[in-house]
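Remarks on the structure that follows.
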Amino acid sequence: MSTAVTPEAIITEFIASIHPNFNYVIGITAFAGCLLTLLVVLFAFSTKESRRRLVFHLNVLAIILCLILAILNGVTSGRAILDPFNLVSKNVYVAAIVFAVFPPLFYDSILLFRLFALYPPSVTPAITLVKIFAFPFCIKCARITVISLVLNDFVKSATSTAALAQHTAATWFRNPYMTAEWTMQMADNLYSVSFFLYKLHTRTSTIKRATGIAERIRQIFFISVANFVFPLFFNIAQIICITTDPSPSAGTMLLMTNDYVTVIGVLCATIWFSGTDWVRTHNESSPELLRAHKWGPGRGQSSDEQHGSAMRFAGERSVTLRGDSDSAMQSKQLSSLPNDEDHALQPYPQNKGHNLV
């Protein structure tokens, strides 16, 4: 005797089927919004010098990859919610998977890049660079191999999007390839961060008596630890999830969340240092404006003296003196200086060395 299916059961089953995709859309959209805000802040606090650094370009590229992942996830999950019987094409579905599992290799390389601040390739012997970067290079090659095997098996397993989704659910539980990838990712990040912090400590132990430098080193230390600890927690959660939960929903959400947390951590560190450079650059570019504001009008100076006193232009360079009773005499003395001596009156050049983050 057949049993009729009630409308409530149909609705409940439909809600349960779209619930994972709904979580993907809500969660990834929130992270993408954070990245857009941080991207605006990154450009707002960057200087011409910081925008020429490679780490700035790497951060922008990481943001672009995460935004592409958000778009692909929105298209794939949105279609599964709005039209579950007409899913996206196989190519779009595979692209969403690729942008979820491959970019972490690139994000971890940004963390590894900070080692070049301690070992500039231009002055470091080649044998030293080989000793330092041999392990992360080998482990990244192993990670690329594992991910390639997973994706190759995934693409060849089915010819339709619905079949690919079923294959993912069937092969997710205790998948040895993904477990190995996340384990190697933890080892990769652990080596990069530990080696960086150890060398930072040994090379700066002799200058920690200076209060300002010690405070900056302490901030670099905490930023580096935070960039490693939070992704580490997500890696551990992913391994626990894939070995205990047969459903891939929670593990997939953790995987994409880990991608965004890693990028946001690296980006926040770059914004912090870019903000420091921005403040220093603006303070050095207008010291006389601050001095004029400090003196202020109404102290018996003439109108020229109230705006910073006499100025001498040498080509495109200018020198400003404080307004006092000897300003005319000092202006004559400056006019008698040769052009080559104008360099002594310019601000000290900014540090153009490698940035630690």
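Of the residues Tyr107, Tyr93, the single one that is more than 21 Å from Val266 (Cβ to Cβ), open to solvent by less than 60 Å² (accessible area, probe 1.4 Å) and aromatic (Phe, Trp, Tyr) is Tyr93. Within segment 220-260, the only residue that satisfies the criterion of being of a type in the set (D, E, K, R) and over 21 Å from Phe31 (Cα atoms) is Asp245.
Residue by residue through segment 76-98, note down the ones that are in a helix (DSSP H, G or I) and polar (S, T, N, Q).
Initial filter on segment 76-98 (in a helix (DSSP H, G or I)): 76-82, 90-98.
Residues satisfying the conditions are Thr76, Ser77, Asn91.
The residues on offer are Ala9, Ala117, Ala30, and the sole one that is touching a residue at least 12 places away in the same chain (Cβ under 8 Å) and either assigned to a helix (DSSP H, G or I) or more than 18 Å from Leu255 (Cα to Cα) (or both) is Ala117. Of the residues making up segment 52-87, those that are free of Cβ contacts under 8 Å to residues at least 40 places away in the same chain, more than 14 Å from the chain's Cα centre (by Cα) and under 23 Å from Leu38 (Cα atoms) number 4.
Residues considered: Asp188, Asp153. Of these, the only one that is surrounded by fewer than 16 Cβ atoms within 10 Å (Cβ to Cβ) and at pLDDT 90 or above is Asp153.
The values are calculated or read from the model by the stated rules, or taken from the named source; none is laboratory data. These figures come from a predicted structure and were not determined experimentally. Note that we place each Cβ from the backbone using ideal geometry, even for glycine, and neighbour counts take in every protein chain shown. Ligands, DNA and RNA are excluded from the accessible area calculation, which covers all protein heavy atoms including side chains. Shrake-Rupley method; radii C 1.70, N 1.55, O 1.52, S 1.80 Å.
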